[in-house]
1. K84 fails exactly one of the following numbered conditions: (1) touching a strand residue (DSSP E or B) at 6+ places or on another chain (Cβ under 6 Å); (2) open to solvent by 40 Å² or more (accessible area, probe 1.4 Å); (3) at pLDDT below 75; (4) of a type outside the set (G, A, S). What is the number of that condition?
2. Within the group V155, V118, V168, which residue is touching a Gly at 6+ places or on another chain (Cβ under 7 Å) and among the β-branched types (V, I, T)?
3. Scanning the stretch 111-133 for residues that are touching a residue at least 24 places away in the same chain (Cβ under 8 Å) and more than 16 Å from L263 (Cβ to Cβ), which turns out farthest from the chain's Cα centre (by Cα)?
4. State all residues of the stretch 140-179 that are at positive phi and in contact with a Ser or Thr (Cβ under 6 Å, 6 or more places away or on another chain); if no residue qualifies, say none.
5. Yes or no: S119 within 27 Å of T253 (Cβ to Cβ), loosely packed, with under 15 Cβ neighbours inside 10 Å and at pLDDT 95 or above?
6. Which of the residues that make up the stretch 209-233 are at pLDDT below 90 and at positive phi?
7. Only one of V247, V240 is in a loop (DSSP other than H, G, I, E, B) and more than 23 Å from L57 (Cβ to Cβ). Can you tell me which?
8. Given the structure, is I136 at pLDDT 95 or above, among the β-branched types (V, I, T) and in contact with a helix residue (DSSP H, G or I) (Cβ under 9 Å, 6 or more places away or on another chain)?
Amino acid sequence: MDFFLLFSFIEMMHISNVMCCADVAAVEEDTSSELSVGELLERANRDLTPDFDEPALIGGDIAVNSELDRNADPCTSRGCLWGKWTDGNVYIPYYITNHFSSREKAIITRGLESFSSVSCIRFRPSRSSDRDWLSIESQSGCYSYVGRQGGKQVVSLSRQGCLYHSTVQHELLHALGFNHEQTRSDRDSYIRVYWENIIDDMKYNFNKINTLNQGTPYDYNSVMQYERYAFSKNNRPTMVPIPNSNVALGKATQMSRNDIDRLNRLYKCCEYTVVRLDSHNSIQTHRLSHSHRALQLRTIHLL
């Protein structure tokens with residue numbers, strides 16, 4: 001009996017991750033008076049000259065190791081997801097450097113913790129034994145690499161303009177593997193890019209990427225969507241929603257429902273593992289989705 005109780009406990013651990021698939025309306029806040037994340041990032045990163053030991057940036061805030069990374073999505077050209085543990089959670093070590101005041105650390109910590117209430121992502125303080133971790137520092141502007149890079153991975157949140165809840169979430173989503181919304185592979189069906197209005201040496205920031213999209217719709221309100229005047233050289237829009245040009249674009253101040261949904265899909269947060277013995281006392285595992293939750297709860301009750 002104890003043996004079956006053990007596996008029942010394992011099942012219940014995995015079922016806890018199903019809660020991330022529930023309606024997330026309760027976690028949304030009224031932030032209408034704040035600047036959008038796109039506006040904050042453009043203001044913080046405007047006219048920046050990275051230090052000699054800092055990476056080149058594309059898209060305004062995406063760090064790349066070389067020019068070859070400009071047109072490639074690291075998450076589709078190589079594995080870049082953070083690993084999942086046996087309890088169904090994804091634990092990502094982080095270290096906040098001593099660049100920040102206690103108030104600034106609280107803003108960063110709030111952003112880190114916001115992921116655990118809506119997904120299986122768990123940011124935790126790093127340990128000496130960790131091989132891969134995020135080093136959250138105040139460097140030149142706001143930036144992050146896309147996806148897990150291996151070893152120490154810098155996420156820059158400059159004290160001059162980057163310490164907002166939305167920018168913390170935005171840069172962490174980059175580190176989790178997400179690109180900007182306006183570079184989605186299907187973006188031409190949802191926005192029109194006005195190339196003639198873009199700063200000449202910034203046009204590559206609007207190149208499309210072979211993104212996965214996770215079966216979610218284009219989201220004008222994504223925290224990864226820049227506003228319509230991003231990288232404009234003449235104060236005219238660089239991108240406009242279609243077919244309705246009056247739709248609000250790039251006004252997010254926190255993760256949207258679609259942001260949360262695609263995060264859960266990418267890391268399979270809303271699946272859990274059933275572990276049980278077959279007739280030959282061999283362990284078998286099965287992956288179930290959210291729709292099977294009620295059935296699985298009844299199975300646990302019978303055990």
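The values are calculated or read from the model by the stated rules, or taken from the named source; none is laboratory data. From a predicted model like this one, the values you see are computed outputs, not experimental measurements. In this analysis, Cβ positions are derived from the backbone assuming ideal geometry, glycine residues included, and neighbour counts consider all displayed protein chains. Just so you know, the surface numbers come from the protein's heavy atoms only, side chains and all, with ligands and any DNA or RNA stripped out. Shrake-Rupley method; radii C 1.70, N 1.55, O 1.52, S 1.80 Å.
1. If we test K84 against (1) touching a strand residue (DSSP E or B) at 6+ places or on another chain (Cβ under 6 Å); (2) open to solvent by 40 Å² or more (accessible area, probe 1.4 Å); (3) at pLDDT below 75; (4) of a type outside the set (G, A, S), just (3) comes out false.
2. Numbers: V155 fails: touching a Gly at 6+ places or on another chain (Cβ under 7 Å); V118 fails: touching a Gly at 6+ places or on another chain (Cβ under 7 Å).
Answer to the selection: V168.
3. Looking only at the stretch 111-133, we keep the residues that are touching a residue at least 24 places away in the same chain (Cβ under 8 Å), and these are 111-112, 114-115, 117-127, 130, 132-133.
Filter once more, keeping what is more than 16 Å from L263 (Cβ to Cβ): 124-127, 130, 132-133.
Numbers: R124: 16, P125: 18, S126: 19, R127: 23, D130: 21, D132: 17, W133: 16 Å.
Ranking the candidates gives R127 first.
4. If we filter the stretch 140-179 for residues that are at positive phi, which is where we start, we get 141, 147, 150-151, 161, 177.
Correct list: G141 only.
5. Numbers: within 27 Å of T253 (Cβ to Cβ): yes; loosely packed, with under 15 Cβ neighbours inside 10 Å: no; at pLDDT 95 or above: yes.
So S119 fails the test.
6. Those that are at pLDDT below 90 and at positive phi: N213, Q214, G215.
7. Details: V240 fails: in a loop (DSSP other than H, G, I, E, B).
Result: V247 is the single residue among V247, V240 that is in a loop (DSSP other than H, G, I, E, B) and more than 23 Å from L57 (Cβ to Cβ).
8. Values: at pLDDT 95 or above: yes; among the β-branched types (V, I, T): yes; in contact with a helix residue (DSSP H, G or I) (Cβ under 9 Å, 6 or more places away or on another chain): yes.
Judged against the criteria, I136 is a match.
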